[in-house]
Amino acid sequence: MKIRIIIPARLKSKRFPNKLVKNLKGKSIIEHVCLRAKKLNYDSLIVATDSNEIKTLIDNINIETYLSKKKYLNGTERIADLCKKRSFDKNDIIINIQGDELSFPVNAVNKMINYLKKSKEKEMTTVVVQSNNRNNYINKDYVKVITNKNNNALYFSRSPLPYDSSSNYLLHIGLYGYKVSLLNEYLSFKKSTGETKESLEQLRFLYNDIQIKCIKLKKHNSISINSLNDLKLAQKLIR
């Protein structure tokens, strides 16, 4: 069992094109995310991209890249294809760090890895944080989640969720963990209307009865770059 950190990095984002190569205090967004990922313990760290520009940036900081021009619907599809091409062992743990998740919680990633090391179920894991920020609650760029009593996800949405709960809700952070064996199945899973409408790749797992364990944080000021306003905020907060 090996730990593989993979960062999917698509250049032409629909909501904020070219955001991953935007400059933030001398480095691109994707470089910041990669350098933060280097704080983790892993067997391999790979950026999976469709862009020669991103590949060049990452090659310059001596991190491995996987370049594919194939069109994918989401980052999980890109990672699943990479795993197949590289013939990774089915028990290897894959941590998917979204390329725009600028200040992702390193401690939460370690918890995801430890959880998957012990898990014998066909399941995945992700990270959520308690929030009372009303602006994020009504902002479709911020994904909300509801869970059951065992911290398994029931649904993710870009809409306010649950209804009228802006003072106490769960915000999703763009981190996913799974084993290669599950990713091998992902490409053949049926897609739901919810996945298409919400543009949320994790909903394909739920639609196909795959449990998503949520690592719950009480507090974390994670910054996901989804808009120019997010980039401006990051300029103030990132040292």
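The values are calculated or read from the model by the stated rules, or taken from the named source; none is laboratory data. Since the structure is predicted, the reported quantities are computational estimates derived from the model, not experimental observations. Here the Cβ is made from the backbone with ideal geometry for all residues, glycine too, and neighbour counts use every protein chain on show. SASA here: full protein model, heavy atoms, side chains in, ligands and nucleic acids out. Shrake-Rupley method; radii C 1.70, N 1.55, O 1.52, S 1.80 Å.
Summary table
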read-out	value
Anisotropy class of the range 194-233 from Cα gyration tensor, a/c 1.5 cut	oblate
Cα shape, the chain, gyration tensor, a/c 1.5 rule	rounded
Anisotropy class of the range 1-110 from Cα gyration tensor, a/c 1.5 cut	oblate
Subset of Lys22/Lys218; Lys55/Lys122; Lys84/Lys191; Lys19/Lys218 violating a 25 Å alpha-carbon distance limit	Lys22/Lys218; Lys55/Lys122; Lys19/Lys218
For the range 70-121: accessible area per residue (Å², 1.4 Å)	46
Of the DSSP H helices in the chain, those whose Cα atoms cover at least 18 Å axially and whose Kyte score averages -0.5 or more	106-118
Distance-filtered residues of the range 33-68 - backbone nitrogen under 16 Å, label point 7 angstrom along Asn23 Cα→Cβ	57
Calculated FRET efficiency for the pair Gln211/Lys84, C-beta based, R₀ 25 Å, to 0.05	0.60
Sorted peptide list for 44-54, 134-144, criterion being average Cβ within 10 angstrom, highest first	44-54, 134-144
Backbone N within the range 79-108 under 17 Å of label point (7 Å from Ser44 Cα along the Cβ vector)	79-97
Sites Ser199 and Ser68 - FRET efficiency at Förster radius 25 Å, r taken between beta-carbons, to 0.05	0.75
